[in-house]
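First comes the structure, then the notes that go with it.
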Amino acid sequence: MRELPKAYEPAEVEEKWQRRWLKDGCFHADPHSEKPAYSIVIPPPNVTGVLHMGHVLNNTIQDILARRARQEGKEVLWLPGTDHAGIATQARVEKELAKETPPRTRFDVGREEFVNMVWQWKEKHGGIIIKQLKKLGCSCDWERERFTMDPGYAAEVARVFTELFNEGLIYRGLRMVNWDPVLLTALSDEEVIMTPSKSKLYTIRYRLEEDSSRYLLVATTRPETIMADVAVAVNPKDSRYADLLGKKVIRPLVETPIPIIADEHVEIGFGTGALKITPAHDRVDFEVGVRNGLQIIDVLTPDGHINCPDCPELHGMDRFEARDRSIEIIREKGLLEKEEPYDNNVGVSQRSDVPIEPRLSMQWFLKYPCVNEAMKSVEEGEIVFRPAHWAKTYAHWLEGIQDWCISRQLWWGHRIPVWYRKNMATELKEAVKLDAQDAEAGRIYVGAEPPADPENWVQDEDALDTWFSSWLWPFATMDSECRTKFYPTTDLVTGPDIIFFWVSRMIMAGYRFAGQKPFSNVFFTSIVRDLQGRKMSKSLGNSPDPLDLIDRYGSDGLRFGLMRIAPTGTDVKFDEKQIEEGKNFANKLYNAVRFRLMQGEAGTTPAPRFSAVHIDILDKLKQLHADVATGLGKYEFNACVQALYAFFWNEYCSLFLEAVKNDLREGADPAVRNATLHTIDTVLRHYLTLLSPFMPHITEELWQSLGFAARHEEKPLMITPLPSPDSLLQGLSDEEVSKARVIAAALYEAANRVRNLKAEYNLSTNKNVRLVLKPTLPTATDIPNRLALLSGAKAVETCPGYEAPKGTPASVTPLGELFLPLEGLVDVDAERTRIAKELEKITKEIARSEAKLGNESFVQRAPADVVQQEQDRLRDWKEKEAHLLAMQSALS
RNA sequence: GCACGGGUAGCUCAGUGGUAGAGCGGCUGUUUUACACGCAGUUGGUCAGGGGUUCAAAUCCCUUCCCGUGUACCA
C-alpha cells in the first residue's frame, strides 16, 4: 500500500499496462486450448485510415466482449488486421505523385513500379491505425495481424475467383456499369449514392423530317448527350403520337434524322410523353436500344469530356460545361421550348464524390453464391442480428440482388487471375461474353497460379473490387488449426452502413467456401454523429480526433464515456461532455481506492461485526453482477455502464462509504472496523473485475495498488476469472438480507430528509446540529450514529418519548420522526409553512391513491399485487400525514 | 414512392401497461483529511399533436406532423 497522487493521470498508466499485457501474452489465442472458444474478427480498417469515432465505438465494444469472455474462462481470439482498400490507397499514392514537380500520374510511372510504390507507402504509413487501436487498449491477438493482400490471403482470393468462375458464376460481359470519370474505374451499385440535386429540365423541339415547321417536344436533363440520341420513343398507347410512329425527327445537335419508336417504358404522363433515347449514356435507354435494335453512339470520353468531332462547339468540353453550352446552341437555333427547375436524384460516386456516368463497358461480374442459405440463416435465427430490425434491410437487399461488378480499373489490389491467349488477344478483347466455356476451349486461362507457359498468355489488366477480398475475412485470415478452433466466429461488431458491402457478402462466402456461417451474432453499432445530427466527416471538420480525446481524458475515459451514450438505436450524438464524465468517473474510482489505501490492513480478530449497511452494499453488488451479465447478454452496453456507474458513485461512494467512515477513525470498535474493511475489499475486488472490460487500464492499476494481484499469483486482472456473486452473502438468510436492505434504505432516506431540512433552514452542510429521533423502526445502535455522520449532525439521540419544543423542525422518516432542535432559532411560522407545504403534497397523493382504490373496476380487475401495492402506498402516505398533522397541531 | 428508426427536462439520453428517471447544464450553499474531475440541496416535463383499446397508456392500436437512415425511381 502506498501514497498516490490526488488526481488520476491516465497517460502513463495506460501505456504501462498495454506493454505489460503484450509482454505477458494476455491477448494471445491458443488454438490447442481446452477452453471453449470465443472469437471475433475485427472489421479491418483501411490501411490508409486513421482512427475516427466510429472505430472507437466499434472496437471498444469488441474489446469489452473479448475481455469479458476471457474472464468467463473462454479461449479468446480477437483477430486484427487491415484492408488494402484499393481505391483509397491507390488515390493516396497518386496524390503524392501529383505533388511532385513535374507532377506525375501512375501512367507515367508504369504498373509494376507504381504497385511497388504503394507497397512502400503501406509499409511506411500503413500501420498508423493499428498503433491507434493499441492505444485504445484493444486486446487483439496482434501476433495474428492480417492484411487483405498477404500472400496467403491473395492465394485464397484467387482460389475463390477460380472456383466461382469454373462454376459459371463469374463471367465477363459488356454491360452498362457505374463509371467514375475521375477515378476512371467501374463501381458496384453499392458504391453509388443517389443524391437529390437541383437541376433543370429542358424541353427541346425535335423537328419532323418531313415537315420542318412541325416538331416533337422532348424533355431532358442531359442536353449534352443529344448528339448520342439515336431515337425518340413514345408509349405505344399514347394516341397523341400514334400517327408519328415510324416517322423521323431531326436530332437538334449534329443534325441527322432519327426514328420515332414505340416503347412501353415511356410514361405517357411524364414531361411531354416523348423520350430521347441515348443508349450509350443511360441505363434504361440502353435497354430500350437493345429491345429496338438501335445503334450506340458514345459521345463521352472516360474522364467525362465530350468526344464528338462532328460537333466542334462541344468537342473536348467537360460534361457540365457542355450541358450549358449545348443549351445555348439550341436556344440560338430556336429549338428550346422551355427550361424549368427540376429536382432529381443523381448517382454520385462514394469514392470521388462526383456524379457517375452510366457507361457501356467490359467488366467482370459475379452471380452471388448461396443467396438462399444467406437469406435463411438470418430469417431462421442461425445468425442473429442486433438490433433485430436490420434483418429486414438485409432481406430486402437479398431479394433484389443484382450481379456484382467485381472488376476495377485499378492497379492496387488483387489482379484478376485471368489470362488471355496471346494470339487471340484482340478477338477476346471484343468478345461480348466470356465464361467457363471459353476456359474449357483453351481461349482463356483462369487459375490461382499463372499459366505454365506464360509467354503465350496476357493477364487481364484489371484488379478486383476490394470487397471481393474482404468478404473472405472471417476464414481467409485463419489457418486450418485456427479455423478448427475458432470458426465460425462468435460475434461480429460493425456499422450498419456496410451491411451490403460486407456483412451479407461474408455470410454468402462463409456458406460457400467455409461450409458454415461466418459468425453467430452480428451487433450493428450506432453511427456517431455530431450534436447537430450530422455525420462525422473530414470536410465538415466536426469529427473529433480520438487520439486527442485519449490525451485529454484517457483511453478508459473515452471508452467509458462513449459507452454511456451508445444507444442501441440508429445513431449516437457525440457530446464531448460525456467523455469528460468518463474521465471524472475514472478519477472517482481512483480516489475511492486511494481512500481505501489510507486505511491499512483489515484484521481477522476480533471477528468482524457486520451491520445492515455492510450487508446492504453486498446485496447491491450481487445485483450489479446480475445487471452487468444481463446487459452484456443483450448487447446493451449503455445499460451495463449505467449500472456500473450508479452502483459505484451513488450506492458505494455517496451512501455506503459515507455511512461507514467513522468505523475507520481512531478509537472505533475494531470488530466493526474489520467488518467495514472486509466489505470494502470485497466490493472493490468484485467491482474492479466487473468494470475491467470497460475500463481495462485503471482497473488493472488499482488492482495492483490494492495488492489484489498478490492473492492471484501476480496475474494481471484482465486474465483473472470473474468472481462468483454467490459467495457474497454466504451464511445469511434471505430474511436477514432483506431486513438489512430495509434498514439501510430507511437510514439513507432519513439522512436525505435531514439534509433537506437543514437546507431549508439555511444551515450549511457542515453545521454540526443535534438531532433527536423518535424511532418507529427498530434498528441496531450503530444506525443513529451512521445517520449523524451521513447528515452532518453532531449526534443523533434516540428518545422514544421526546416532546419537541414548539416549532422544532421535524421530518417523518422511515426510521421514525426526526427533530432538529435549534437552540434560539425556533421559527414557528416557518415550520408551520414548511409542514403545510409537505402536507399539501401528501394530501394530493392520498387523494389520487384513494380515487384509484375507490374505483371498483380497478380493485376487481387489476392484479392482486398491484392493488396490494396501492393499498400499502396509501397506508404509508396516511401514516405520514398523521405524523405531520400531529406536528402541525403541536405548533398551534 | 416504399421500408425502417426516432420525437420524453435547456442539452444528451434511459424508461415495453401500474407513483415520469439519470448525467450534464442552471441556481443556492460548501474548500468537512478519498475525490472541487468533489460534496450537499434545488430548479426543470400537456412524454410531438389528435383519436382509440384498457380499471390503468410515455409504453399497445390507428392517424397526422416533424427529424434521420436505407431503398426504388420518369426523361
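3J(HN,Hα) couplings calculated from phi for segment A:385-399 with the Karplus curve 6.51 cos²θ - 1.76 cosθ + 1.60 (θ = phi - 60°) are, in sequence order, 8, 9, x, 4, 5, 5, 4, 5, 4, 4, 4, 4, 5, 5, 5 Hz; Gly and Pro show x. Only the Cβ atoms of Lys and Arg (+1) and of Asp and Glu (-1) were treated as charged; on that basis the dipole of chain A about its Cα centre amounts to roughly 2020 debye.
What fraction of the DSSP beta bridges in chain A is antiparallel, stated in percent and rounded to the nearest 5?
Values: 65 of 92 bridges.
Roughly 70 percent of the DSSP beta bridges within chain A come out antiparallel.
In this structure segment A:123-170 gives 41 Å² per residue of accessible area when probed at 1.4 Å with all protein chains present. Rounded to the nearest 10 degrees, the inclination of helix A:734-760 to the longest alpha-carbon principal axis of chain A is 90 degrees. For chain A, the residue among A:Phe819, A:Cys26, A:Tyr153 whose Cα projects farthest onto the positive side of the dipole built from Cβ charges is A:Phe819. Taking amide H as placed 1.01 Å from N in the peptide plane, A:Met536 has its amide H under 5 Å from the amide H of A:Asp530, each at least 5 places away in sequence or on another chain. Taking the charge dipole of segment A:435-476 about its Cα centre, with +1 at Lys and Arg Cβ atoms and -1 at Asp and Glu Cβ atoms, the residue from A:Trp471, A:Val446, A:Asn456 reaching farthest to the positive side is A:Trp471. Close amide-amide hydrogen proximity is noted between A:Arg770 and A:Lys794, each under 5 Å apart and 5 or more residues distant or on a separate chain (H modeled in the peptide plane; Pro and chain starts excluded). Taken per residue, the accessible surface of segment A:248-341 reaches 49 Å², heavy atoms only and a 1.4 Å probe.
Which is farthest toward the positive dipole end of chain A among A:Tyr635, A:Pro309, A:Leu597, measuring Cα position about the Cα centre, with Cβ charges +1 (Lys, Arg) and -1 (Asp, Glu)? Value computed over the given set: A:Leu597. For A:Ser39, the residues whose amide H sits under 5 Å from its own are A:Leu77, A:Thr490, A:Asp491, ignoring neighbours fewer than 5 places away on the same chain, with H placed 1.01 Å from N. The residues of segment A:548-693 expose, per residue, 35 Å² of accessible area to a 1.4 Å probe. Axis of helix A:111-125 versus longest Cα principal axis of chain A: the two differ by about 10°, to the nearest ten degrees. In chain A, the portion of solvent-accessible area held by carbon and sulfur atoms comes to 50 percent [1.4 Å probe, whole percent, DNA, RNA and ligands not counted].
The calculated FRET efficiency for A:Glu113 paired with A:Ala88, based on their beta-carbon distance and R0 = 22 Å, is about 0.60. Take the Cα of A:Ile401, step 7 Å toward its Cβ, do the same at A:Val742, and the gap between the two points is 6.2 nm. List the GluC sites (Glu not before Pro) in segment A:1-70 that DSSP assigns to loop (not H, G, I, E or B) and whose Cβ has at most 12 other Cβ atoms within 10 Å. Which are they? For GluC sites (Glu not before Pro) across segment A:1-70 that sit outside H, G, I, E and B with at most 12 neighbouring Cβ atoms in 10 Å, the list reads A:Glu3, A:Glu34. Within the shell of other residues whose beta carbon sits under 13 angstrom from the beta carbon of A:Ser33, the net charge comes to -1, with Lys and Arg scored +1 and Asp and Glu -1.
The values are calculated or read from the model by the stated rules, or taken from the named source; none is laboratory data. On a predicted model such as this, the values are computed, not experimentally measured, just so you know. Glycine gets a Cβ as well: all are built from the backbone with ideal geometry, and neighbour counts include every protein chain shown. Accessible surface areas use protein heavy atoms only, side chains included; no ligands, DNA or RNA. Shrake-Rupley method; radii C 1.70, N 1.55, O 1.52, S 1.80 Å.
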